[in-house]
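Enquirer: Take this structure first; my questions come after.
The values are calculated or read from the model by the stated rules, or taken from the named source; none is laboratory data. Please read these numbers as outputs of a predicted model, since none were measured by experiment. Backbone-built Cβ (ideal geometry, glycine too); neighbour counts: all protein chains shown.
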Amino acid sequence: MEKILSKKIKEIISDYDEIRYINNVKSSLYLISELIYINKFIYKVGFVEFIDYYSENMKLFDIKSVLIFKEYYEFNFFDKSYDIRIVEMLKNLKENIDIKSLSISKLYENLMSDKERKILGQVYTPNDVIENMIELVFENTQISLNTTILDPTCGGGYFLLQIFKKIKEYINKNKINYNGCVEKHILENMIYGVDIDKFSVFLTKISLIFEANIIDIKFNIYEKDFLLDFIPDCKFDIIIGNPPYIGHKNIRKEYSCVLKDNYSEVFYDKSDISYCFFKASHILLKEKGVICFITSRYFLEAKYADKLRSYINDNLTILKILDYNGERVFKNAIISPMIILLTYKNYHQEDVKIEKYNQNEDKFMSFSIKQSELSRSGWMLLNTKEQRLYEKINEKCNYKLSDIGNIKQGIITGYDKAFIVTDEEILKYNLEKKLLKKWIKNSNINNDGIRYGGLYILYTNLIDDENKYPNTISYLQKHKDRLLKRRECKNGVRKWYELQWGRDLNLFENNKIVFPYKAKSNIFYYDTDKYLCSADIYSLIINEELTSYNYIVNYLNSSIFEFLFKSNAKKVGAKLYEYYPNKLENMRIFIPKDKNDKILTINNKIYIENYLEKMFNITVEDKYIIKQCVKI
């Protein structure tokens, strides 16, 4: 039903840019909420009868006399022709509309495309996930009529609506006596919500009104910034929700500074705003309360989540982690989530219950780990056998990767369209050969090596005199306005025709190991062809006094090293990992102590794989564990 309605509403309101469209969506839902409210609580007739006589009915009623609509009147259509068109649309669909089951929040979700959600920074939590989280907190909390529950980012009220239903069901099932209206008591004394967005607060309130079927409610739903402005008159037994995931690049500098002042224990440098919600919620938690968040799993391994990991370990007990392990849960969102359940520090439970999704088995695998084993540097969610194998290999490793080499990022042109050229363009514009270098991107590297795509980069940082390269300068002139807009050009750091970050040319023209920054498996390639690389490729330059390129490239491609890496790497998809320097450089590796050891000169992956299996005493069972990890 919501899908049919949303399609028809879009036909009426979608002839504008994204911002106007978003405002029209809000106005449409405000109007439909008015109609449902009047029909449900004022005239109390069938929807067909009500909508057929809408004009006559509205003459007898002033909607602005109703508090919730008076309070949010700004969302009303200013152009009343829209009201008429929406009502006509509802009249045409009246036989297909079940007003009792229509969800305003669901309708809002259907009306928002990925483009609008990105503008608003909104992600909707699926109903089955919400229900699982609520079930989880109810299993770990003693519910009574005095229980207080908070959603710190209530959005459209999805969590609070399900919580209301769950509490009502719980009270009836357990025959808890209450003299009065139970629904009113739940909404006025047990349920709290906060959101920075005014329309989200309206959606939450109106959804709860329709679900509870009562109108005179003193809500505890607030339009505030939970992290800075929310000061409730109570603490909470349950804090549950989906905190926003906003990286440092998308946080206003002034706001970031305020967060750093107020949440220095968890938030610094390139931290995510979601980290602050853990501390803010902990402060508002009752002594025996629980926190249940669905959040990005990045914080398990992310470099700038180390303070958050320490804060949780020092101040809270982790009851359970449900790790989707890269599986996508949110519709059309790239977030890789996890659910974490927390309670007070001195809770008697010693082990953390882990449920980790296994792509090979297509199910969650259950095991336990000790919270004391979760380190500040990163949380590895490994079962007992995986942990034992990881430690066995790691203990025999004698170097960190950073001890034997340096990892550097590829080139950032600032505008690939100007600097990346084909053979045809080179001939057509007679571009100077001295500036042309073979160019590869992430997609050019695979398990078989490098598949060169025939592209070149104009390495214009070699230009010492524009007059010496007239053809290239002429070719770039058509992009000059766009190139001048680059930050470094505006600041006078780069000339208009130079690369934004050209790096040191020696980095590329000497031997190196190249690898993509995102991949499903370890793909390291020994490049002796002097390729210049884009920013989505990294290069490892090693100290050949300690080891050889042949040995290291085969070592890094070995299943043993892949097992070690994937055990604590940052996972960004069901089968996708980030190969960033800060993680790789800290990985431990094994290098023979004798730099003349013949193994260092052998360029045979299978031979070195067999050598490593003997070196680390890899058993048949170990091989199975490694295989299961590597094929994910």
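Enquirer: Report the residue count in segment 374-415 for those that are in contact with a Phe, Trp or Tyr (Cβ under 9 Å, 6 or more places away or on another chain), more than 22 Å from Ser559 (Cα to Cα) and not polar (S, T, N, Q).
Expert: 5
Enquirer: State whether one or more residues within segment 306-313 are surrounded by 21 or more Cβ atoms within 10 Å (Cβ to Cβ), within 30 Å of Asp233 (Cα to Cα) and touching an Asp or Glu at 6+ places or on another chain (Cβ under 6 Å). Even if it seems obvious, please write down each step before you answer.
Expert: In the first step, residues of segment 306-313 are kept if they are surrounded by 21 or more Cβ atoms within 10 Å (Cβ to Cβ); the result is 308-309, 312.
Subsequent filtering for residues that are within 30 Å of Asp233 (Cα to Cα) retains 308-309, 312.
With the extra rule that they be touching an Asp or Glu at 6+ places or on another chain (Cβ under 6 Å), the set shrinks to none.
There is no residue in segment 306-313 that is surrounded by 21 or more Cβ atoms within 10 Å (Cβ to Cβ), within 30 Å of Asp233 (Cα to Cα) and touching an Asp or Glu at 6+ places or on another chain (Cβ under 6 Å).
Enquirer: Given the condition among the hydrophobic types (A, V, I, L, M, F, W, C), in contact with a Leu (Cβ under 8 Å, 6 or more places away or on another chain), over 22 Å from Leu285 (Cβ atoms) and at pLDDT 95 or above, answer yes or no: does some residue in segment 153-175 qualify? It would help to see each step written out before you state the result.
Expert: At the first step, the residues of segment 153-175 found to be among the hydrophobic types (A, V, I, L, M, F, W, C) are 154, 159-161, 163-164, 167, 171.
Checking the rest, the ones that are also in contact with a Leu (Cβ under 8 Å, 6 or more places away or on another chain) come to 154, 160-161, 164, 171.
Among the residues that remain, those that are also over 22 Å from Leu285 (Cβ atoms) are: 161, 171.
Of the ones still in play, those that are also at pLDDT 95 or above are 161.
Among the residues of segment 153-175, at least one is among the hydrophobic types (A, V, I, L, M, F, W, C), in contact with a Leu (Cβ under 8 Å, 6 or more places away or on another chain), over 22 Å from Leu285 (Cβ atoms) and at pLDDT 95 or above, which makes the answer yes.
Enquirer: Out of Val352, Val329, I need the residue that is out of contact with any Pro (no Cβ under 8 Å at 6 or more places or on another chain) and either among the aliphatic types (A, V, I, L, M) or surrounded by 15 or more Cβ atoms within 10 Å (Cβ to Cβ) (or both). Which one?
Expert: Checking each option against the conditions leaves just Val352.
Enquirer: Output the residue which, of all residues in segment 467-510 that are more than 37 Å from the chain's Cα centre (by Cα) and assigned to a loop (DSSP other than H, G, I, E, B), is surrounded by the fewest Cβ atoms within 10 Å (Cβ to Cβ).
Expert: Per the stated criteria, the residue is Lys478.
Enquirer: Looking at segment 150-198, which of its residues are closer than 23 Å to Ser274 by Cα and surrounded by fewer than 16 Cβ atoms within 10 Å (Cβ to Cβ)? Working first, answer last.
Expert: So in segment 150-198, the residues closer than 23 Å to Ser274 by Cα come out as 150-163, 191-198.
Lys198 - this is the single residue of segment 150-198 that is closer than 23 Å to Ser274 by Cα and surrounded by fewer than 16 Cβ atoms within 10 Å (Cβ to Cβ).
Enquirer: Filter segment 235-254 for residues that are at pLDDT 95 or above and either exposed (fewer than 13 other Cβ atoms within 10 Å of the Cβ) or of a type in the set (Lys, Arg) (or both) and give the result.
Expert: The one that is at pLDDT 95 or above and either exposed (fewer than 13 other Cβ atoms within 10 Å of the Cβ) or of a type in the set (Lys, Arg) (or both): Lys235.
Enquirer: Looking only at segment 455-488, count how many residues are more than 17 Å from Asn430 (Cα to Cα) and free of Cβ contacts under 8 Å to residues at least 60 places away in the same chain.
Expert: 9
Enquirer: How do the helices (runs of 4 or more DSSP H) wholly within segment 247-345 filter down when requiring 2 or more residues that are within 22 Å of Lys224 (Cβ to Cβ) and free of Cβ contacts under 8 Å to residues at least 24 places away in the same chain: which remain?
Expert: Of the helices (runs of 4 or more DSSP H) lying wholly inside segment 247-345, those with at least 2 residues that are within 22 Å of Lys224 (Cβ to Cβ) and free of Cβ contacts under 8 Å to residues at least 24 places away in the same chain span 253-262.
Enquirer: Kindly provide the set of residues from segment 200-233 that are assigned to a loop (DSSP other than H, G, I, E, B) and over 24 Å from Val266 (Cα atoms), ordered by number.
Expert: The initial filter retains those residues of segment 200-233 that are assigned to a loop (DSSP other than H, G, I, E, B), namely 213-220, 224-233.
Asn213, Ile214, Ile215, Asp216, Ile217, Lys218, Phe219, Asn220, Asp233 - these are the residues of segment 200-233 that are assigned to a loop (DSSP other than H, G, I, E, B) and over 24 Å from Val266 (Cα atoms).
Enquirer: May I pose another question? Can you pull out every residue in segment 596-606 that is under 17 Å from Thr547 (Cα atoms) and either in a helix (DSSP H, G or I) or touching an Asp or Glu at 6+ places or on another chain (Cβ under 7 Å) (or both)?
Expert: Of everything in segment 596-606, those that are under 17 Å from Thr547 (Cα atoms) and either in a helix (DSSP H, G or I) or touching an Asp or Glu at 6+ places or on another chain (Cβ under 7 Å) (or both) turn out to be Lys598, Ile599, Leu600, Thr601, Lys605.
Enquirer: If only one of Glu562, Glu544, Glu488 is at pLDDT below 95, within 30 Å of Glu395 (Cβ to Cβ) and of a type in the set (D, E, K, R), which one is it?
Expert: Glu544
Enquirer: Give segment 590-632 a look and list any residue that's surrounded by 13 or more Cβ atoms within 10 Å (Cβ to Cβ), without any contact (Cβ under 8 Å) to a residue 12 or more places away in the chain and of a type in the set (Lys, Arg), or say none.
Expert: Passing the criteria: only Lys623.
Enquirer: For the subset of segment 80-104 comprising residues that are in a helix (DSSP H, G or I) and hydroxyl-bearing (Ser, Thr, Tyr), which member is surrounded by the fewest Cβ atoms within 10 Å (Cβ to Cβ)?
Expert: Per the criteria, the residue is Ser81.
Enquirer: Considering only residues that are among the β-branched types (Val, Ile, Thr) and either under 28 Å from the mean Cα position of the chain (by Cα) or not in a helix (DSSP H, G or I) (or both), which ones fall in segment 23-52?
Expert: Quick first cut of segment 23-52, residues among the β-branched types (Val, Ile, Thr) only: 25, 32, 36, 38, 42, 45, 48, 51.
The answer is Val25, Val45.
Enquirer: Given the residues Lys566, Lys593, Lys623, Lys614, which is the only one that is farther than 21 Å from Asn510 by Cβ, outside any helix (DSSP H, G or I) and either basic (Lys, Arg) or touching a Cys at 6+ places or on another chain (Cβ under 8 Å) (or both)?
Expert: Checking each option against the conditions leaves just Lys593.
Enquirer: Related question: Every residue in segment 367-387 that is surrounded by 15 or more Cβ atoms within 10 Å (Cβ to Cβ) and either under 21 Å from Leu316 (Cβ atoms) or among the aromatic types (Phe, Trp, Tyr) (or both), please.
Expert: If the condition is that a residue be surrounded by 15 or more Cβ atoms within 10 Å (Cβ to Cβ) and either under 21 Å from Leu316 (Cβ atoms) or among the aromatic types (Phe, Trp, Tyr) (or both), then Phe367, Ile369, Gln371, Leu374, Gly378, Trp379, Met380, Leu381 are the ones that fit.
Enquirer: I want to confirm something. Restricting to segment 346-366 and keeping residues that are among the aromatic types (Phe, Trp, Tyr) and assigned to a strand (DSSP E or B), which single residue is farthest from Glu265 (Cα to Cα)?
Expert: Once the filter is applied, the top-ranked residue is Phe364.
Enquirer: Turning to a different aspect of this structure: Given the conditions (1) in contact (Cβ under 8 Å) with a residue 60 or more places away in the chain; (2) out of contact with any helix residue (DSSP H, G or I) (no Cβ under 6 Å at 6 or more places or on another chain); (3) within 30 Å of Ile334 (Cα to Cα), and given that Leu532 satisfies all but one, which numbered condition is not satisfied?
Expert: Of the numbered conditions (1) in contact (Cβ under 8 Å) with a residue 60 or more places away in the chain; (2) out of contact with any helix residue (DSSP H, G or I) (no Cβ under 6 Å at 6 or more places or on another chain); (3) within 30 Å of Ile334 (Cα to Cα), the odd one out for Leu532 is (2).
Enquirer: Filter segment 6-22 down to the residues that are among the acidic types (Asp, Glu) and part of a helix (DSSP H, G or I), then identify the one that is surrounded by the most Cβ atoms within 10 Å (Cβ to Cβ).
Expert: Filtering first and then ranking leaves Glu18.
Enquirer: Under 6 Å between Cβ atoms, which residue pairs at least 6 apart in sequence (or on different chains) link something in segment 180-193 that is more than 10 Å from Ile167 (Cβ to Cβ) with a partner that is among the charged types (D, E, K, R)?
Expert: Between residues of segment 180-193 that are more than 10 Å from Ile167 (Cβ to Cβ) and residues that are among the charged types (D, E, K, R), the close pairs are Glu188/Lys218; Gly193/Asp151.
Enquirer: Are any residues in segment 23-59 buried (at least 18 other Cβ atoms within 10 Å of the Cβ), touching a residue at least 40 places away in the same chain (Cβ under 8 Å) and of a type in the set (A, V, I, L, M, F, W, C), and if so, which ones?
Expert: Selection gives Val25, Leu29, Leu31, Ile32, Leu35, Ile36, Phe47, Ile51.
Enquirer: Check Thr147 against each of (1) in a loop (DSSP other than H, G, I, E, B); (2) within 19 Å of the chain's Cα centre (by Cα) and name the one condition it does not meet.
Expert: All conditions pass for Thr147, except number (2).
Enquirer: Contact list please: Cβ distance under 9 Å, first residue in segment 144-171 and on the phi > 0 side of the Ramachandran plot and in contact (Cβ under 8 Å) with a residue 24 or more places away in the chain, second residue of a type in the set (Ser, Thr, Tyr) and assigned to a helix (DSSP H, G or I), pairs at least six apart or on different chains.
Expert: Partner pairs satisfying both residue conditions: Gly155/Ser105; Gly155/Ser200; Gly155/Thr204; Gly157/Ser105; Gly157/Ser200; Gly157/Thr204; Gly157/Ser207.
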